[in-house]
């Protein structure tokens, strides 16, 4: 019963269950572009949340994962601060269930609040379908879903 209640709480916050297994293309320390209009430009991936690894394996994340980032470039009030973010694009190719391989030109993320709401109001760049399916609030703000 507790698991169902927790699942409903996450869905209410705008996060759905994770579907297929994707290639993890972003490790801790990767530089990401901020895809929303919060004022941040470059983000550094600090930690992959809910990552279960093994000994001597670096934590990594993929499209649709919630991560912890620090702002490296951007508005002075946001620089050197830690935020939660969702990865919306990655350079490393990953395979979809229908057999199509997807690869983007750059790594990008969208900053969110700890409750799962978007910090910005719009996303003007393309967003991967996997991230849009898992985070409906990001899908509604995105202009293009690939």
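None of the figures in this text is laboratory data; all of them are computed from the coordinates on show. This is a predicted model, so every value here is computed, not measured.
Classify the chain as rounded, prolate or oblate, taking a ≥ b ≥ c as the square roots of the eigenvalues of its Cα gyration tensor: rounded when a/c is under 1.5, otherwise prolate if a/b is larger than b/c and oblate if not.
On the way: a/c = 1.21, a/b = 1.13, b/c = 1.07.
In terms of gyration-tensor shape, rounded.
Counting each DSSP H run of 4 or more residues in the chain as -39500 (n - 2.57), what helix-only mean residue ellipticity at 222 nm follows after dividing by all residues, to the nearest 500 deg cm²/dmol? Present the calculation step by step, with values, prior to reporting the outcome.
Details: 3 runs with 23 residues, N = 146.
Result for the chain: -4000 deg cm²/dmol, rounded to the nearest 500.
Using 0.36 nm per residue, how much length does the chain from residue 41 to residue 100 gain when fully extended, once their Cα-Cα distance is taken away?
Result: 18.2 nm gained on full extension.
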